[in-house]
Every structure is written in C-alpha cells, then in structure tokens.
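Input: a single structure, listed below in structure tokens.
The values are calculated or read from the model by the stated rules, or taken from the named source; none is laboratory data. Nothing here was measured: the structure is a model prediction, and the numbers come from that model. Here the Cβ positions follow ideal geometry from the backbone for every residue, glycine too, while neighbour counts run over all protein chains shown.
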Amino acid sequence: MTYQNYSLKQLQQIDAAHHLHPFTDHKELREAGSRIITHANGPFIYDSEGAELLDGMAGLWCVNIGYGRDELAEAAYAQMKELPYYNSFFKCSTPTPVLLSKKLAEIAPKNVNQVFYGSSGSEANDTALRLVRHYWVIEGKPEKNRVISRKMAYHGSTIAGTSLGGMDAMHKQLNGAVPNIVHVMMPYAYELALPGESDHDFGLRAAKSVEDAILEAGADKVAAFIGEPVMGAGGVKIPPASYWPEVQRICRKYDVLLMLDEVITGYGRTGEWFAAQTFGIEPDTITTAKALTSGYQPLSALLVGDRITSTLVDKGGEFNHGYTYSGHPVACAVALKNLEIIEQEGLVDRVRNDTGPYFAKALQERIAGHDLVGEVRSIGLMGAIEIVKDKATKERFLPSGSAAVTVRDHAIASGMMLRATGDTMILSPPLIWTRDTIDMACERIGKALDLAQADLRKR
Ligand SMILES: Cc1ncc(COP(=O)(O)O)c(C=O)c1O
C-alpha cells in the first residue's frame with residue numbers, strides 16, 4: 001500500500017503516534033499535525049494537499065542541484081545492481097569511494113588530500129574530534145586535548161557534536177558534555193560590534209577571543225579550534241574578511257590545529273567549492289556532508305590535511321575508528337554524479353559571478369528597506385534577514401523569536417519555504433536558482449513581511 005491510499009489526517013495521526021521528529025516539541029506537533037511533503041521538482045517542493053513551495057532552504061542546506069535529478073537516481077540504481085554494499089574495513093575498498101576521494105582531493109584546498117567517510121555531518125565531527133585528539137597522542141602530547149569552539153556554533157547532534165556546538169538549549173539537555181571543550185565569542189557584528197567599531201576591527205577582536213582562550217588554557221593544552229566558516233544554524237553569521245586569516249595566524253602561532261566545519265558551506269554555497277577557499281585559509285580538517293550528494297543519499301566526508309595524515313600514516317598504527325557505512329558504494333556513486341553535475345552546469349562559478357551578487361543586491365534593494373528588517377546579509381547563496389521592532393535601536397519583538405516565526409508562517413502561506421532561527425530569517429537555496437527565482441523569492445518574502453507587520457503591529 002502506498003501513501004496515496006491514506007488521507008492527510010490519517011498520515012498525521014500515524015506520524016504523531018509513531019514518529020519522533022528531530023528538534024521538535026512532540027506535544028505541539030501532535031496538536032498541530034505535520035505538513036507532509038510528498039514530491040519535489042527543480043526548486044519547488046509540494047505537500048500532500050498540492051501546495052507548491054519555493055524551497056529557500058534547499059531541504060536542510062543540502063539539495064544544491066535541486067530536486068528531481070534523474071541522473072542521481074540512475075547512478076544509485078546502477079550501483080545498487082552492481083554492488084549495493086561492501087565495507088572498507090579489513091584492507092578492502094570499493095571503486096566509488098576510491099574515485100570520490102580522488103575527486104575531493106582535486107577540489108579541496110591543496111594541503112588536503114585524504115578523506116574519511118561517514119553518513120552524517122555529526123558523525124564526521126565525531127571523527128574529526130577523535131582524529132585531532134589522537135593526532136596529539138601520536139605526537140607525544142596527550143595533554144594537548146582541549147578544543148576551542150564558539151557560542152551558538154552548530155556541529156551536530158551526537159554527544160560530541162552537541163559538546164562541540166555552542167547551543168545552550170542543547171547543552172542543557174546533554175547534562176554532561178564531552179570534557180575540555182570551551183566556547184568563545186562568535187563573529188556576529190550586528191549584535192556584538194562596539195559603537196563605531198569597523199567590521200575589520202571587530203573581526204580581529206573576535207579572533208582575539210580565540211587567542212585569549214589559548215593563553216588561558218596554555219598552548220600546550222590546546223589541540224584545535226573548530227568553527228563553521230559562516231555560522232549556519234546559528235543564524236547565517238558571516239564573519240568580517242579579517243576574521244579567518246587572523247584565526248589561522250593565531251592557530252599557527254600556538255601550534256593549534258584548525259578544524260573547519262563546512263557541512264553547510266561545502267560544495268559551492270559561498271561561490272567556491274569550499275568556504276576555506278573563499279576566506280583564503282588552509283585548515284587541517286574540513287567536515288563536509290549535505291551537498292556532497294545534494295541530500296540524495298546520506299554521506300559525509302571528513303577531508304583531512306597532510307599534516308595530520310602523514311603523522312597518522314607514519315606513526316599512528318591502527319586508528320580504531322570507523323562506521324559500517326564508511327565509504328558506502330551507493331552514496332559515493334551518487335556523490336560522484338552530483339559533483340559532476342555541479343561542475344558541468346558551472347554552478348560554483350555561477351554562484352560566485354552571477355546569482356550570488358544578484359542575490360545580495362536583491363536582498364539589499366528589495367528587503368533591507370522594510371520596516372521589520374534590521375539588516376540583510378549574504379555570501380554566495382546563503383543569506384539572513386534580521387527581524388526587528390525598531391530599525392534604529394535594533395530592539396526586537398518579545399517574546400524572543402516569535403516575530404521571525406510569524407514571518408516564516410506567512411512566508412509558507414505565500415509559497416516560500418524559509419526558516420526562522422531566533423530573530424533571524426535564514427535562506428540557503430539550491431544553487432540552481434536563477435535571477436528569476438531570486439526575484440520570485442524576494443516578492444514572496446516581501447509579501448510575508450507585509451503580512452507579518454500587520455500582525456505584529458496589532459500586538
Ligand atoms: C555546520 C554543521 N555541522 C554539522 C551538522 C550536522 O550534520 P548532520 O545533521 O548530517 O549530522 C550540521 C547540520 O545542520 C551543520 O549545519
């Protein structure tokens with residue numbers, strides 16, 4: 001029996017009775033009922049009632065080549081028929097992870113040439129944490145095990161991911177994080193820059209908080225610094241250009257490894273294959289997932305720099321770590337086809353030279369002036385809209401976060417799927433968006449802002 005035999009109400013009842021959703025208040029969901037998305041094509045998703053929504057989030061930051069790509073389905077089908085599964089333990093390999101690793105080494109920063117696979121970004125960050133700590137053990141410095149991260153960072157939902165992340169609400173539920181992880185300030189100029197402080201100076205000050213944390217612990221105790229190049233789930237917080245080169249300089253000065261979490265920014269989102277290239281840095285690890293397969297298969301790739309791999313290979317012995325699905329042949333076949341499509345369609349260059357700049361201009365010209373908008377910002381095809389009560393003072397509506405939810409609900413009703421996080425609306429569309437799609441999105445967001453304003457002013 002297929003889902004078409006069920007009514008929406010029946011599906012919602014079964015969903016509520018048996019399905020625990022991620023990041024969800026389950027009681028609230030039971031009362032409201034879930035929206036059932038049934039199919040999708042190009043930049044659009046469709047729900048069970050036939051509503052068409054322009055997907056401003058590329059699923060969950062992942063469907064970079066858009067929906068309905070037969071080539072990926074065919075790649076998965078062919079691989080499943082030939083070899084649906086074999087592992088890469090016990091000195092075995094299968095062809096697709098071999099070829100994918102070669103491709104990833106070609107497009108990654110030049111110091112990065114090896115890949116460790118998992119199924120999710122969270123798993124890849126667990127691997128990264130284990131790897132950097134193990135690296136210092138092999139190097140004879142086991143006390144160098146602290147990791148510096150940032151407040152509001154999101155690095156996944158496993159215990160290691162949550163501990164690395166800087167979300168208070170998640171830490172509270174953890175009730176005991178992985179030890180020796182500290183969190184410093186985020187590079188979020190809109191709220192944290194001092195009056196009159198330039199973007200450049202703010203970036204240096206935010207980077208200095210990393211140096212302060214290293215000095216406080218002692219450089220001989222610090223293994224690594226981890227950060228998302230652009231904080232995603234925390235609200236598309238784009239650091240000033242001065243930030244990352246300064247963080248890299250500080251890490252090198254104190255011999256601290258630099259870990260970049262590119263689970264969102266990897267594979268073209270900022271107008272380069274990786275945001276490391278956009279910001280001109282060479283990290284020791286790069287965590288990637290999501291758009292590696294455009295979300296068509298679960299797959300993560302931890303890209304590992306030469307400094308770590310040469311120690312691991314030459315002095316490490318067996319690294320006692322791995323997953324059943326590390327290098328899954330079907331997921332890797334889909335990833336290879338996905339990267340081929342991104343390349344053939346010139347999507348990375350298009351984001352850098354055409355749609356990215358057009359998106360920035362459209363947000364500035366058509367959204368930034370709205371009464372409810374304190375700031376718009378974007379990099380490549382990733383953007384944020386700050387919702388405020390008062391543009392001049394940056395005062396927010398109360399309770400915190402409620403205004404953005406109002407905007408989001410009106411956006412969805414206006415045919416536009418976007419996400420609210422705190423008081424910020426975030427956008428991360430498929431890279432196949434054209435200028436026309438951007439125009440359509442701005443029109444729908446503008447309408448949602450008008451409707452939300454009417455509601456919010458009534459309060
Ligand atoms: C920056 C970042 N790291 C890690 C993750 C976790 O990835 P996953 O949900 O695949 O475990 C996410 C997910 O959104 C993310 O945005």
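When Leu104, Leu129 are checked against the criterion of being farther than 30 Å from Leu8 by Cβ, away from the ligand (no atom under 16 Å from the Cβ), in a helix (DSSP H, G or I) and of a type in the set (A, V, I, L, M, F, W, C), a single residue qualifies: Leu104.
Restricting region 276-292 to residues that are part of a loop (DSSP other than H, G, I, E, B) and within 15 Å of the ligand (Cβ to nearest atom), the residue that is surrounded by the most Cβ atoms within 10 Å (Cβ to Cβ) is Pro283.
For Ala169, the conditions (1) assigned to a loop (DSSP other than H, G, I, E, B); (2) within 27 Å of Leu418 (Cα to Cα); (3) of a type in the set (Gly, Ala, Ser) are fulfilled apart from (1). Given His410, His370, His328, which one is surrounded by 22 or more Cβ atoms within 10 Å (Cβ to Cβ) and either closer than 30 Å to Thr127 by Cβ or not assigned by TED's automatic domain parsing to the domain that holds Phe274 (or both)? Only one candidate passes the filter, namely His328. Filtered by the rule that a residue be within 15 Å of the ligand (Cβ to nearest atom), of a type outside the set (Gly, Ala, Ser) and not in a loop (DSSP other than H, G, I, E, B), region 245-275 gives Met259, Leu260, Asp261. Among the residues that make up region 170-183, is at least one of them among the charged types (D, E, K, R), within 21 Å of the chain's Cα centre (by Cα) and in the same structural domain as Ala241 (by TED's automatic domain parsing)? For region 170-183, residues among the charged types (D, E, K, R), within 21 Å of the chain's Cα centre (by Cα) and in the same structural domain as Ala241 (by TED's automatic domain parsing): absent.
Could you run through region 138-165 and say how many residues are over 25 Å from Gly327 (Cβ atoms) and more than 15 Å from the ligand (Cβ to nearest atom)? Adding up the residues that qualify gives 9. Taking region 217-244 as the search range and keeping residues that are within 16 Å of the ligand (Cβ to nearest atom) and part of a strand (DSSP E or B), which one is surrounded by the fewest Cβ atoms within 10 Å (Cβ to Cβ)? So the residue we want is Lys237. Among the residues of region 194-203, is there at least one that is of a type outside the set (Lys, Arg), in contact (Cβ under 8 Å) with a residue 12 or more places away in the chain and surrounded by 20 or more Cβ atoms within 10 Å (Cβ to Cβ)? Yes, because at least one residue in region 194-203 is of a type outside the set (Lys, Arg), in contact (Cβ under 8 Å) with a residue 12 or more places away in the chain and surrounded by 20 or more Cβ atoms within 10 Å (Cβ to Cβ).
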